[in-house]
Each structure stands twice: as C-alpha cells, then as structure tokens.
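A short write-up of the structure that comes next.
Every number here is computed from the coordinates shown, using simple stated rules; none is lab data. Computed from a predicted structure; not experimentally measured. All Cβ positions, even for glycine, are placed from backbone atoms using ideal geometry, and neighbour counts span all protein chains on display.
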Amino acid sequence: MTRPFSPRDRATPVRPRWKARAGMLAGLALMAGCASAPMHYYTLITPAPIPPALATPAADAPAVRPAGPAFELMPVSIPAQDDLPQLVIRQGGQGVALLQSERWIAPLADEIRGALSADLSHALGSPDVTGLAGDSRKAVRIKVDVRRFDSEPGQRALLDAAWSLRLREADAQAPTLACTSRISEPVGAGYAALVQGHQQALARLAGQIAEASRALADGTARCPAG
C-alpha cells in the first residue's frame, strides 16, 4: 500500500548520490595528496675529508701545519625561534615561515655542534675529547652561543655567535677569551644551497675558533680580526 504524502517529505531534501560520492572522493584525494608530500631532510655536517695519506698531493700544496691543541666543545645554545625540526626561513623584514616538508635530520643545536666539532677537528688536526674521562692532554674548552641563525633563500645564510675559550687544566681564576663572530654567506636558489651556505658559515666560524685556540695554547690569547 502506498504511504500517504506528508508535508515532512517536502521539507527534507534528498542529496543526490553522485554528489555524496564526489565529495567523498575529493576528500580522499586531498588526504592522499597530503600523505604523499615528499619530506626532505638536511644535515649541517659535511662529508669527512679524504685522509692525507690517501690523497694525491699537488706539486704546490702548502706544508701541513702542526697539530693544534685538543678541544672540548660544550653543548651549543641556539635561539628559541630556530629550535624546531623544520627549516625556518625569513620572509621580508618581519615574517618567517616554517617549511613543513624541509627538516633537519637531528635537533638543530646538535647539528650545529656536530658540524663545529668536525670542522674544528679538521682545522686543528686534533680530536674533540669531550666526555673522554681520564684524558690528560692539553685541551681548550670551547663554549658557543648562537645568537642569530638566519635563513634567506636565494640571498644569504647568516650566523651570529658569541664564543669563549679557556684551557681545560687552568684554575677558576684563569682568564677566559671571549669573542664574537658575524658571518654571512651568499646562497643560490633552493633549500640545499641554503643549507650549504650554513655549512660554509660554520666552517668559517670553526676556522676563527681554531686560530684563537692555537693562540690561547701558545699563551698569546686574542680574538681573530674581523
């Protein structure tokens, strides 16, 4: 028997099935697109150089410098706004952006410390003896505080740091050498070029710290010029 018509039937619109299916498919496509966005991971630690014994020396290669002092590199501090897994880039004078698909492979403070440790070891020709109990060799204790770590794609990678040195075996009254460095590296387009610029800035900072560490160990403590 046919049900009699009710006014409620006119007040309740029925959504066509094809529209419901289209909405469902669009939602699934959006979710799939988000899930398939590629993630890129970066490191500030450059590949290890070829050991001198394995490299082919050039005819006019400079003489190898004597090894400098061993060193202890303390944990590095960084600005809170940069202490994130994502790359943080500047946009204009006030804006910043977090790049969700461009990330550091490890916490940024650890990446900077690892890069500086490797670069310092290469520049000094001596190891990082941090945490080696019982090591009695002459060593310089290094503390680095990064004050600015600016990333401007296609423009520059800026590193501004305050750092201090003191001989590990010195007593508490021994003077501490305190210096600052501001290093800006021009960079090309792309995030890989930006990270490479930061690698070069850290290598330059390590070179300055290495020179000051040699001077401190020789009793002629001074900050690098410029």
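See the values below:
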item: Listed residues PRO127, PHE149, GLY114: farthest to the positive end of the dipole of segment 87-154 (Cβ charges); result: PRO127
item: Pairwise label distance in nanometres, GLN94 with TYR41, each label 7 Å out on the Cα-Cβ vector; result: 3.7
item: Whole-Å distance, taken between Cα centres, linking segment 70-121 and segment 137-199; result: 11
item: Environment charge at PRO153 (Cβ cut-off 14 Å; Lys +1, Arg +1, Asp -1, Glu -1); result: -2
item: Stokes-Einstein D for segment 94-226, Kirkwood Rh over Cα pairs, 10 °C, 1.306 mPa s (µm²/s); result: 99
